[in-house]
DNA sequence: ATGAAAGCGCTAACAT
DNA sequence: ATGTTAGCGCTTTCAT
C-alpha cells in the first residue's frame, strides 16, 4: 500500500490484469497464484512472496464471475421483499446485511411491491444469476408459487410470512400473541368497545393479528362486533379511511388496535383532523414500534417486533443451511414486546392513582 | 405453461440442464440455441420452434454467470448507501429499483453505515462481481477514495453527496436553497432568534443546509449567533441532545430549523418531554418530508426532498452512460419544496387574521 | 442459415 | 511443492 505503482506497467494492452498476467510476472503457474490467493498452504514462502508482489504491482483483482462459473456457486444471496419503504423491512434488511456481509456474501435486492408476478420474475433472475440462497418475504399464500425452487435445491428462508405448505426454513413473529397482549392491555385499562384495523385478509400477518384481537376479547367474554373490525391495505391511506369509518359509527370505539405501522400513521391523522384527543377520546395501540413512536404526542403504545433480530436470524439460518444442506427444516417464531407508553391511556391511569 | 412436465425427463443425471442439453434435444447446435434465445433472427422458423420446445420440455434456464463471463459484463448494478434504515434512502432506492428493474438490471446492495472502510470493501466486491455500474452515496469527502474506480472505466453515479473533485455523474439536491427557504419562512413569521441543528461538518449535506440557514439570516440582517448552531450526528439521539442544549440556553430560540428527518424526531421528543407547545413555545421546521410528518400534532412543516425522483434520475443517468460511455459528465441539481403545515406556526397565523 | 470451435478467467484434478 | 490441463456454460467469430 506504500507505493501506488504506475498503471502503465499493468499489462501489455492496458486491459484489466488476469491471473495469467500475475503468474507470468511472478514466474509461477496460475495454479500457484490461485493457491496463494485462496490461502491454501503448501506453497513455498518465497513464491508466495513473489505472487503477492506481482498482485500488488499489477493491482490485480480476481474476477469473481469467472470464479463463480468455475466453482458453480456464488457469494450472492438474493433478498426479495415486498416493500423496501416499510421501516419494518429496512430494519430486517439491516440485520440480514450485517451478518451476510461478515460472511462475505453480498445481497441481490428485489422489491416486489406485493406483486406476485414481479416476485416470480425476481426469483427466476436470482436463480439465473446463480445466487447461493434466497431470503424471501413471500407474497403468495401457498407453496405453489415456490415449488420450482425446490428441484434446483436452492436454499430458501421465508421471513415474516409463512406460505401454507412451503417446506422451508422460516422465521416469523408471534403475531397473534402480540396483538392479543395489546388488546388485553386495552381491556385491562377499562375499554369494552375496541376497534381493530387490520390488513388484507390474504396476508397471514393481517389474519393472525386480527385473530389475536379476537382471542383477547373472547378471553374476557367481550363480544366480537363485526363493524368494529376493518380490513385495510397496510398503508397509511388505508388506516386513515378505516379510522374515519370507525369514528362515523353510531357507537364508535373508545380504543382501537391498529395492526401495522403505516396504518397507525393514517389513523392518527384521522383523529387529529377531527380534533379528537388521544387517549381520552380514543385510545390507540399500534403494531410495529417505529422510531417516530416516541416523538408523537402522546407517545405511541405499540407492539414491538424484533425486526433486526428477525433479519439476523434469517441470515444465520441460511448460512447454516449452506453449510449443511440436509439439516432439518426449522421454523423459528420470535416474540413481540408490548411497549406501553401514553397513547393507550396507561400513563394517565398511573397519574390518577 | 399448460403441462408441467416430469423432471425425470430433464437430463440424464437429473442435474440442471445446460444449453448443450437443449441443443441435443432440439437437434441443433448450441450456437443456434443461443441465437434463438437472444432473439437474433436469421434462424428458420422450424428450428426456432424446436428450440423453444426443447427449452420448455427441459425447463431450461440460461446460466447468467456463464453468459456474464463470456460477454465480459453483467446485468448487475451496485448500490452503495450509508443507511438503509433512513427513509430518505429507501425512497431513493425505490426509485432506482423501479427504473433498473424495467431495464432488466438487478441491484447489488451495500450498506456502509457511513463507514469509509466498509464502503471500500463494498466497492471492491462490486468491482470483482463485475457490476456494469455503481450508484453511490459517497461517505468520503474527496475524490481520493474513488480514484481506483476510474482506471477500470466503471461507470459511477454519485447521489446525495458530491465529493470534491470527483468527476462523475452526480445527482444532488439544492440543500442550501431548501434550508434557506425554510428559515426565511420562519423569519417571515416573525422569528428573530432561530436555532439550527445540523449534521456532522464532514458531510456536504450538513454543511450546505447550515449555509442555507446562515444565508437566510444574513439576507434579513439577522445576526449569526454561534451558540444557536448545533452540530449533531443526523440521528435521533443527536437531535434530542441538541434540542435540549438549545432549550437550556439563557435565551433559547423561539424557532428551530432541524436539518434532517431523524434529528427532527429527537428534537420533537425533547420538546414534548418538557411539555413545551409547538409552535407557540418553539416553532419547528424540519428537513425531509416523511410519511409521519402529517400524523404529528401539529403536522410538521418540512423541506421535502424529491427522493424518488432522485433515485430514478440517478438510475437513468447510469443507464445513459452505459449506452454511451463517452457522453459528457452531468451534474443534476434537484429542487426541494417547502411543505408548510402547522409546526412552524403558519396555520395559527392564518387563524389569527 | 447453421455448425464447429475458441475462449472469457478461474479452480481443481492429476501428474510430476 | 508446483505445473499442466481440462472445463464450468455460454457467445461469437469463422467456415461452410
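General remarks:
- Filter pass, residue B:69 being modelled with pLDDT of 95 or more, within 12 Å of DNA strand C (Cβ to nearest atom) and in contact with a helix residue (DSSP H, G or I) (Cβ under 9 Å, 6 or more places away or on another chain): yes
- Residue among A:206, A:259 that alone is without any contact (Cβ under 8 Å) to a residue 60 or more places away in the chain and either in contact with a helix residue (DSSP H, G or I) (Cβ under 7 Å, 6 or more places away or on another chain) or away from chain B (no Cβ under 14 Å) (or both): A:206
- Meets criteria (more than 7 Å from chain A (Cβ to nearest Cβ) and within 16 Å of the chain's Cα centre (by Cα)) for residue B:114: yes
- In segment B:71-107, the qualifying residues are those that are part of a loop (DSSP other than H, G, I, E, B) and more than 16 Å from residue A:107 (Cα to Cα), and the one that is farthest from DNA strand D (Cβ to nearest atom) is B:86.
- Scanning segment B:12-47 for residues that are on the phi < 0 side of the Ramachandran plot, in contact (Cβ under 8 Å) with a residue 12 or more places away in the chain and within 7 Å of DNA strand C (Cβ to nearest atom) yields B:28, B:32, B:47.
Each row is one residue, and each column tells you yes or no for (1) buried (at least 16 other Cβ atoms within 10 Å of the Cβ); (2) touching a residue at least 40 places away in the same chain (Cβ under 8 Å); (3) within 24 Å of residue B:125 (Cα to Cα); (4) away from DNA strand C (no atom under 16 Å from the Cβ).
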site: A:75; (1), (2), (3), (4): yes, yes, yes, no
site: A:78; (1), (2), (3), (4): yes, yes, yes, yes
site: A:87; (1), (2), (3), (4): yes, yes, no, yes
site: A:96; (1), (2), (3), (4): yes, yes, yes, yes
site: A:120; (1), (2), (3), (4): yes, no, no, yes
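- Complete set of residues in segment A:53-62 that are more than 7 Å from chain B (Cβ to nearest Cβ), within 15 Å of DNA strand D (Cβ to nearest atom) and either surrounded by 16 or more Cβ atoms within 10 Å (Cβ to Cβ) or within 10 Å of residue A:17 (Cα to Cα) (or both): A:54, A:55
- Search result, residues across segment A:122-155 that are without any contact (Cβ under 8 Å) to a residue 40 or more places away in the chain and assigned to a strand (DSSP E or B): A:142
- Exactly one residue among B:31, B:66 is within 14 Å of another protein chain (Cβ to nearest Cβ) and near DNA strand D (Cβ under 7 Å from one of its atoms), and that residue is B:66.
- As for segment B:268-285, it holds no residue that is closer than 24 Å to residue B:308 by Cα and within 14 Å of another protein chain (Cβ to nearest Cβ).
- Only residues that are at pLDDT below 90 and part of a loop (DSSP other than H, G, I, E, B) were counted in segment B:162-178, giving 5.
- Residue that is farthest from residue A:123 (Cα to Cα), among those in segment B:34-52 that are surrounded by 15 or more Cβ atoms within 10 Å (Cβ to Cβ) and within 8 Å of DNA strand D (Cβ to nearest atom): B:35
The values are calculated or read from the model by the stated rules, or taken from the named source; none is laboratory data. Everything numeric here is computed off the predicted structure, so don't read it as measured data. Cβ coordinates were reconstructed from backbone atoms using ideal geometry, including for glycine residues, and neighbour counts include every protein chain displayed.
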